[in-house]
Amino acid sequence: GAVVSQHPSWVICKSGTSVKIECRSLDFQATTMFWYRQFPKQSLMLMATSNEGSKATYEQGVEKDKFLINHASLTLSTLTVTSAHPEDSSFYICSASGTRNTGELFFGEGSRLTVL
Amino acid sequence: SQQGEEDPQALSIQEGENATMNCSYKTSINNLQWYRQNSGRGLVHLILIRSNEREKHSGRLRVTLDTSKKSSSLLITASRAADTASYFCATEGGAQKLVFGQGTRLTINP
């Protein structure tokens, strides 16, 4: 199946710093990528939808200035958590949709962010 | 907002038994998908069932969909210890945006 790679898989940072998480589709072109956030033992919450070459669409309640999403190419989307605070600590997962449009999304392995 | 509700929230069974998880949703859908997540890992797609389908099989997995009741079930037969994971249903109503249920934590005891 298709492969989506996320990097880093885990990151620890100090409060106030910015952290960038990358999501890459390795063997297909991802026209759309989705970013989710998951708190421990909870479900995934969709944060935003990014389409290649256009601005991301954020879900209600998600601060676009806080979570910067860039989808500059068909194989890469990035999520930058700006001025991170301890409450931003979470598991962030991306998924990608290819051009085949089979309905199936391919998920990355997730990135665990811990803000001290 | 999360529209999927799953029950049970947690399920513990003996290896070899069957495990059934249920999912309910609120709005109309194009399809419903089931995913598996091992602790601290990403999601693995298990099966997709379209709104015009009622039942689908894949190996030891059987999924049903009842659009009149807005519910779905996932049956894992002959469970194995390696099936221990969290299982999520997700509904897709358009534009491939998935809304996930709360998940069922399945534990298979050897």
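Below, the figures for the structure above:
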item	result
Coil-residue GluC sites (Glu not before Pro) of region A:1-110, DSSP, other Cβ within 10 Å capped at 11	A:Glu63
Whole-angstrom gap from region B:57-110 to region B:10-49, using each part's C-alpha centre	2 Å
Loop sites in region B:51-110: trypsin sites (Lys or Arg not before Pro), DSSP, at most 12 other Cβ within 10 Å	B:Arg54, B:Lys69, B:Arg80
Phi to ³J(HN,Hα) by Karplus 6.51 cos²θ - 1.76 cosθ + 1.60 over region B:95-102, Hz, x for Gly, Pro	6, 6, 7, 9, 10, 8, x, 6
Counting DSSP beta bridges with both ends in chain B, the antiparallel % (nearest 5)	85 percent
Convex hull volume of chain B per residue (C-alpha atoms, cubic angstrom)	93 Å³
Relative contact order %, chain A, counting alpha carbon pairs below 8 Å whose residues are six or more apart	37 percent
Charge dipole (debye, nearest 20) of region B:1-89; +1 at Cβ of Lys and Arg, -1 at Cβ of Asp and Glu	280 debye
Rounded to whole Hz, the Karplus (6.51, -1.76, 1.60) HN-Hα couplings of region A:30-37, x for glycine and proline	9, 6, 9, 10, 10, 10, 10, 10
Heavy-atom SASA rank of A:Phe34, A:Phe107, A:Phe39 (probe 1.4 Å, accessible area, largest first)	A:Phe39, A:Phe107, A:Phe34
Charge dipole of chain B about the Cα centre (unit charges at C-beta), most positive-ward option of B:Ala90, B:Ile108, B:Ala10	B:Ala90
Karplus (6.51, -1.76, 1.60) ³J(HN,Hα), θ = phi - 60°, over region A:52-63, in Hz, Gly and Pro reported as x	4, x, 9, 5, 6, 9, 9, 6, 4, x, 9, 7
Cys with no candidate disulfide partner in the protein assembly as shown (beta-carbon separation under 4.7 Å rule)	A:Cys13
Rounded to 5, the percent of DSSP beta bridges in the protein assembly as shown classed as antiparallel	90 percent
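The values are calculated or read from the model by the stated rules, or taken from the named source; none is laboratory data. Fair warning: this is a prediction, and the values are worked out from it, not measured in the lab. Note that each Cβ is placed from the backbone with ideal geometry, even for glycine, and that neighbours are counted across all protein chains shown. Keep in mind that these areas ignore ligands, DNA and RNA; they rest on the heavy atoms of the full protein, side chains included. Shrake-Rupley method; radii C 1.70, N 1.55, O 1.52, S 1.80 Å.
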